[in-house]
1. Among the residues of segment 143-153, is there at least one that is over 18 Å from the mean Cα position of the chain (by Cα) and open to solvent by less than 30 Å² (accessible area, probe 1.4 Å)?
2. Just to be sure I understand the filter: pairs with C-beta atoms under 8 Å, separated by 6 or more residues or on different chains, first member in segment 33-49 and under 16 Å from Gly92 (Cα atoms), second member assigned to a helix (DSSP H, G or I) and of a type in the set (Lys, Arg). Which pairs pass?
3. Do you know which of the residues in segment 110-140 that are charged (D, E, K, R) and open to solvent by 30 Å² or more (accessible area, probe 1.4 Å) is farthest from the chain's Cα centre (by Cα)?
4. Just checking, how many residues over segment 74-109 are of a type in the set (Asp, Glu), open to solvent by less than 70 Å² (accessible area, probe 1.4 Å) and out of contact with any strand residue (DSSP E or B) (no Cβ under 8 Å at 6 or more places or on another chain)?
5. How many of the residues making up segment 26-44 are under 22 Å from Leu150 (Cβ atoms), outside any helix (DSSP H, G or I) and of a type outside the set (Val, Ile, Thr)?
Amino acid sequence: MFRVAILCSVAVLVAAGCGGGGSNSASAPISHTVIATSKAFSDAGIPFNTAVTSNPYVRGQQVYLPAKVNGSEFTDHVLSMLSGSRLVSRTGWVAWVWDSDAMAQKAVKTLPLSKWGVSDAKVTRVIDGNVIIVASNFAGAQKPKLDAALANLHG
């Protein structure tokens, strides 16, 4: 019986070691989780209203990315697209949380950050590690909330 237990333990250890040596962006370190990103904005008083996953096993959800980065090469690497808006203040904000800092950087190299988000209002665009943020119409009394969210995220 002892011999069977040892053989089973060895088999489990060998199996655990298989398949983990390759590199992909999902195993690369990330700066921010989806929860931490959500909390940074919620703590600043501008919580997200919607979260969309790029998980191919969840039906009815599709991450949207701007222009030429809106394709499987990129959308498959977005953990979540978080968005929020307030009609009263006419503000809107989106955060794409990527599965690696490198993938967020690749997206910005493909489509410069200045091209993310189009509006007649003032648009703020920020990349912080694996998170790309686009916020529109944060001016006056609304600006400190966005500033606090960004500080919370960077913090």
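The values are calculated or read from the model by the stated rules, or taken from the named source; none is laboratory data. The shown structure was predicted, so the numbers you read here are calculated from the model rather than taken from an experiment. Cβ atoms come from the backbone with ideal geometry, glycine included; neighbour counts cover every protein chain shown. Ligands, DNA and RNA are excluded from the accessible area calculation, which covers all protein heavy atoms including side chains. Shrake-Rupley method; radii C 1.70, N 1.55, O 1.52, S 1.80 Å.
1. No: zero hits.
2. Ala44/Lys145; Gly45/Lys145; Ile46/Lys145
3. Asp120
4. 1
5. Residues that pass the stated criteria total 4.
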